[in-house]
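Let me begin by presenting the structure, written as structure tokens, before commenting on it.
The values are calculated or read from the model by the stated rules, or taken from the named source; none is laboratory data. Predicted model, so just to flag it, every value in this text is computed and none were measured. Cβ coordinates were reconstructed from backbone atoms using ideal geometry, including for glycine residues, and neighbour counts include every protein chain displayed.
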Amino acid sequence: MSLIGAAVGHRTLVRVDPIRCDGHGLCAGLLPERIRLDEWGYPIISSEPMDADLDAHARRAVAACPALALSRQPAPLPAPRTPARPPTPRSRPTGGPR
Amino acid sequence: MTAAPLVGSRTAPSGTQRLLAAVRDDGQPMSLAEHLARFGRLPTNRRGAGSWLVEEVDQAGLRGRGGAGFPTGRKMRTVAAARRRPVVLVNGSEGEPASQKDALLMQQAPHLVLDGVVAAALAVGATRAYLVVHEGTNLDGHLDRALTERAGLDERVEIVVAASAGGYVGSEESALVSWVNGAAALPAATPPRPFERGVDGRATLVVNVETVAHIALIARYGAAWFAEIGEEQEPGTVLLTVSGAAAHPGVVEAATGTRLAQVLAVAGVDPDRCSAILVGGYFGSWVPIDAALRMPVSQAGAVSVGAGLGAGVVVALDERACGLAETARVMAFLARSGAGQCGPCPYGLPAIAGAVTAIAHGTARARAHGDLERWLRVVPGRGACRHPDGAVRFAASALTTFAADVAHHATHGPCSGAHLPAVLPIPDRRSTGPRPGEPATWGSR
Ligand SMILES: Cc1cc2nc3c(=O)[nH]c(=O)nc-3n(C[C@H](O)[C@H](O)[C@H](O)COP(=O)(O)O)c2cc1C
Ligand code: SF4
Ligand code: SF4
């Protein structure tokens, strides 16, 4: 995997803020490749990163969400085979299910 | 007790009764004088107390006792590195209905808990710490009296004791932070997480009461002492609240790695008369009795039998009781306890609770099983907090552990156990949900 380069930086993920989301369902129509709706009309979002082409559609979905609940974020980089320096830990304290 | 006792001069508790060494047999709270005679003063006046103690807690391998089991030292290090002065928020809400260990510590060993609050604050460089308990427990007044006793100790940390009105979900860390900030006790969308931005926008260390009590002992006796007993990966002792079909229900302290069978024996549980054990609380799992008996008491041990240790709740289910009926009641409670903020939670949990209830009553339609399986897959991981994840785990474990009962109820209707008195406690309806806009009730200092 020699994914290092400009293309890597462009890979993105779409995210929903579940508190803001009102279940309008618009997003699923605009980005069916990554968003489908559950039976109550709330989005189920795939964790598959998007390339630049799909990201353009994601941008549109983000702009269209009436609740301002959708956002895009850079996808975590795939682990390089020979890290130049020790990778910084990505894990964070979580308040998981008790 | 006039001369200041030498720092750390008292002998460390030996054996597995470490936290419980601060709990008197007669049920009376330990006074400050007695506490100091037993444990000595906190070694807080050492230079560089901060980084030293963070290192020590990290070395000790202490993990959070509030449910998630995250390494405490790592969390402390992140908070200690914040640019602005951080805040400590100690979680004493103990929202888990079948748990009593935090209340026991606060009630009977208030000075060990307060030592822990002070130690955690000094370690991360905080000068203010909040200790939040649940409203209606009277623990706030009790802890305030203990604080008054400590006035002469000249501690460099301001401790604010407060009673929150939040329900089950109101004791989740971001909900507590919101509440301390003057908003409703509802979970907030993360990031930022409290350790990044919490109380007053400052990095906030949210830790459980039992966790800080361990920190109070680590500060005195060190990481090596802490790790002397228990499993290598998660050493020390844990508090378990054992209830249900137990002759001597109560809080048991066990070294990690102890077989659950031993803990059950101490609490007077007859395994021959139990069908299953609820491990971890209402976000936990039902474990069939045979697997439960050989389960090592630890996060990893619980995982090995498909459960999680959670906050250390252990409930023994009498073989005559109906695990499905118990699960249905708890699911209904969890469904109405959600904060109602995130679609999949307020729609999904009631749907799941309804299906489990129908299965328990033997009234489930044929497609209920398929619906339920789908909801259990689709609901977790999509809320702002992990409430739905925990609830789903609990329901799913019931379907596996009580699979034979599910089949039996489908053909023969509910079993006789469905009419027995309930085993699992359900808090009063009025106190289950967060009440937005409720004014904060601060304990006086
Ligand atoms: C719905 C929900 C309820 C919670 N209730 C409690 C609680 O009552 N007491 C507690 O200590 N932690 C509770 N937690 C966990 C806290 O969010 C947090 O992780 C914990 O207080 C951190 O302390 P620890 O690292 O010492 O375990 C809850 C989490 C969730 C998702
Ligand atoms: S468009 Fe926005 S509000 Fe509507 S479902 Fe999608 S994320 Fe939710
Ligand atoms: S997941 Fe449920 S309990 Fe958690 S914040 Fe959302 S609605 Fe509230």
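Against the numbered list (1) in a loop (DSSP other than H, G, I, E, B); (2) closer than 18 Å to B:GLU253 by Cα, B:ARG84 comes up short only at (2). Annotation note: Cβ proximity below 7 Å between a residue of the stretch B:157-184 that is away from chain A (no Cβ under 14 Å) and a residue that is in a helix (DSSP H, G or I) and among the β-branched types (Val, Ile, Thr) (sequence gap 6+ or interchain) occurs for B:VAL157/B:VAL118; B:ILE159/B:VAL117; B:VAL180/B:VAL199; B:ASN181/B:VAL199.
Candidates B:ALA60, B:ALA21: the one that is at pLDDT below 95 and more than 19 Å from the chain's Cα centre (by Cα) is B:ALA21. Could you list, in sequence order, all residues of the stretch B:110-168 that are of a type in the set (Asp, Glu) and within 17 Å of B:SER93 (Cβ to Cβ)? Residues satisfying the conditions are B:GLU135, B:ASP140, B:ASP144.
Of the residues making up the stretch B:123-143, one or more are part of a helix (DSSP H, G or I), out of contact with any helix residue (DSSP H, G or I) (no Cβ under 9 Å at 6 or more places or on another chain) and away from chain A (no Cβ under 14 Å). Residue count for the stretch B:212-248, restricted to those that are within 16 Å of B:GLN262 (Cβ to Cβ) and either over 20 Å from the mean Cα position of the chain (by Cα) or assigned to a loop (DSSP other than H, G, I, E, B) (or both): 5.
Check B:ALA245 against each of (1) aliphatic (A, V, I, L, M); (2) at pLDDT below 95; (3) surrounded by fewer than 22 Cβ atoms within 10 Å (Cβ to Cβ) and name the one condition it does not meet. With respect to (1) aliphatic (A, V, I, L, M); (2) at pLDDT below 95; (3) surrounded by fewer than 22 Cβ atoms within 10 Å (Cβ to Cβ), B:ALA245 is out only on (3).
Note on the stretch B:185-199: among residues that are away from chain A (no Cβ under 11 Å) and farther than 18 Å from B:PRO346 by Cβ, the one that is farthest from ligand 1 (Cβ to nearest atom) is B:ARG197. Candidates B:SER99, B:SER178: the one that is outside any helix (DSSP H, G or I), within 14 Å of ligand 1 (Cβ to nearest atom) and of a type in the set (S, T, N, Q) is B:SER99.
Condition check: within 14 Å of chain A (Cβ to nearest Cβ), at pLDDT 95 or above and closer than 16 Å to B:ARG220 by Cβ. Does B:VAL79 satisfy that? No. Report, by residue number, each residue of the stretch B:200-218 that is among the aliphatic types (A, V, I, L, M) and either under 16 Å from B:THR237 (Cα atoms) or surrounded by fewer than 24 Cβ atoms within 10 Å (Cβ to Cβ) (or both). Once the filter is applied, which keeps residues that are among the aliphatic types (A, V, I, L, M) and either under 16 Å from B:THR237 (Cα atoms) or surrounded by fewer than 24 Cβ atoms within 10 Å (Cβ to Cβ) (or both), the stretch B:200-218 yields B:VAL209, B:VAL212, B:ALA213, B:ILE215, B:ALA216, B:LEU217, B:ILE218. Against the conditions (1) closer than 23 Å to B:ALA391 by Cα; (2) in contact (Cβ under 8 Å) with a residue 24 or more places away in the chain; (3) surrounded by fewer than 18 Cβ atoms within 10 Å (Cβ to Cβ), B:ALA291 satisfies every one except (2).
Do you know which of the residues in the stretch B:309-347 that are touching a Ser or Thr at 6+ places or on another chain (Cβ under 9 Å), away from ligand 1 (no atom under 12 Å from the Cβ) and farther than 16 Å from B:ILE426 by Cβ is farthest from the other protein chains (Cβ to nearest Cβ)? Selected residue: B:ARG320. Within the stretch B:202-211, at least one residue is within 14 Å of another protein chain (Cβ to nearest Cβ), of a type in the set (D, E, K, R) and in a helix (DSSP H, G or I). Looking at B:GLY198, B:GLY222, just one residue is under 30 Å from A:VAL16 (Cα atoms) and not hydroxyl-bearing (Ser, Thr, Tyr), and that residue is B:GLY198.
Could you please tell me which pairs satisfy a Cβ distance under 7 Å, a separation of 6+ or placement on different chains, a first residue in the stretch B:132-143 that is in contact (Cβ under 8 Å) with a residue 24 or more places away in the chain, and a second residue that is hydroxyl-bearing (Ser, Thr, Tyr)? That search, which allows pairs on different chains as well, returns B:VAL132/B:SER93; B:VAL132/B:SER164; B:VAL133/B:SER93; B:HIS134/B:SER93; B:HIS134/B:SER164; B:GLU135/B:SER164; B:GLU135/B:THR441.
The residues of the stretch B:383-425 that are outside any helix (DSSP H, G or I) and within 16 Å of ligand 1 (Cβ to nearest atom), listed by number, are B:GLY383, B:ALA384, B:CYS385, B:ARG386, B:PRO425.
Residues in the stretch B:52-73 that are facing chain A (nearest Cβ under 8 Å) and of a type outside the set (Gly, Ala, Ser): 1 in all.
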